[in-house]
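Engineer: Just dropping this structure here.
Each value in this text was obtained by applying a stated rule to the coordinates, not by laboratory testing. All of these numbers come straight from a predicted model, not from anything done at the bench. Glycine also receives a Cβ, built like all others from the backbone with ideal geometry; neighbour counts cover every protein chain displayed.
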Amino acid sequence: MRVLSVTHGPLVRTELFGDWIRAAGHELVEWEITTEGVPPDGFDAVLVMGGDMNVGEEHLHPWLHDEYELLRGWVVAEMPLLGICLGAQTLAHARGATVGPAVEAQMGFLEVSLTDAGRRDRVLGALPERFEAFVGNAYAFEVPEGAVELATSRPQSQAYRLGERAWAVQFHPEVRPEQVVQWWHDEPHPPRPLGDLERDLAEKISGWQAHGRTLCLAFLDAARG
């Protein structure tokens, strides 16, 4: 398969998903929409990655309008699609759902639970019923009308599916530890001391990366199917 990864900056690239996609024998094309504009056609699956910008900041990032249009088109065309963090939020907005500041910013690891639909889902259902996910977001999405909620945490939704070919997750299954540390050092007001966050990361990242690989391969299997 040819997999397109839409990225939004140098610290929010495809990361470990890129390694796993290539190791599975697929071609990966990274496309930074913020500088390269609308990507070409000709792909079999699409990833839309995270970013430090937000829905509602179109005056600062006019390319967001292009991303919304792309997402609408991919959903209509039933393109296999996985949105991660910002990608989950832009997909929700493109489909008419509310996206805005979260009740509380999330940074680090938190417990996520699959819904009944999530346990049956061919992508999210590859994960345990409950798991600690790595998150880093100050905005949250409402599940779009007609979508199926797949995972939740306190106090917000963490995953949904649109139709049978488009998935979205608020958490970050693709991250490398050095990438995360850089995010935290760039954050002016982290919710916990950096030392505490880094100890959590060292303890939990290998288990989380195993879950990330499982999710990535489940998405690739669904895309092929």
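Engineer: Select from region 28-53 the residues that are farther than 16 Å from Glu69 by Cβ and small (Gly, Ala, Ser) and list them in ascending order.
Structural biologist: Across region 28-53, the qualifying residues are Gly42, Ala45, Gly50, Gly51.
Engineer: While we're looking at this one, here's another question. Which numbered condition trips up Leu64, out of (1) crowded, with 23+ Cβ neighbours inside 10 Å; (2) under 15 Å from the mean Cα position of the chain (by Cα)?
Structural biologist: So Leu64 meets the others, but not (2).
Engineer: How many of the residues in region 1-40 are over 14 Å from Trp63 (Cβ atoms) and of a type in the set (Phe, Trp, Tyr)?
Structural biologist: Qualifying residue count for the region: 2.
Engineer: Consider Leu220 carefully, then state whether it is over 30 Å from Arg2 (Cβ atoms), touching a residue at least 24 places away in the same chain (Cβ under 8 Å) and in contact with a strand residue (DSSP E or B) (Cβ under 8 Å, 6 or more places away or on another chain).
Structural biologist: Details: over 30 Å from Arg2 (Cβ atoms): no; touching a residue at least 24 places away in the same chain (Cβ under 8 Å): yes; in contact with a strand residue (DSSP E or B) (Cβ under 8 Å, 6 or more places away or on another chain): yes.
Judged against the criteria, Leu220 is not a match.
Engineer: May I ask you to list the residues in region 26-44 that are over 17 Å from Arg72 (Cβ atoms) and among the β-branched types (Val, Ile, Thr)?
Structural biologist: Answer for region 26-44, where residues must be over 17 Å from Arg72 (Cβ atoms) and among the β-branched types (Val, Ile, Thr): Val29, Thr34, Thr35.
Engineer: So, one more: When residues of region 11-57 are filtered for being more than 24 Å from Ala94 (Cα to Cα), of a type outside the set (A, V, I, L, M) and loosely packed, with under 15 Cβ neighbours inside 10 Å, how many remain?
Structural biologist: 3
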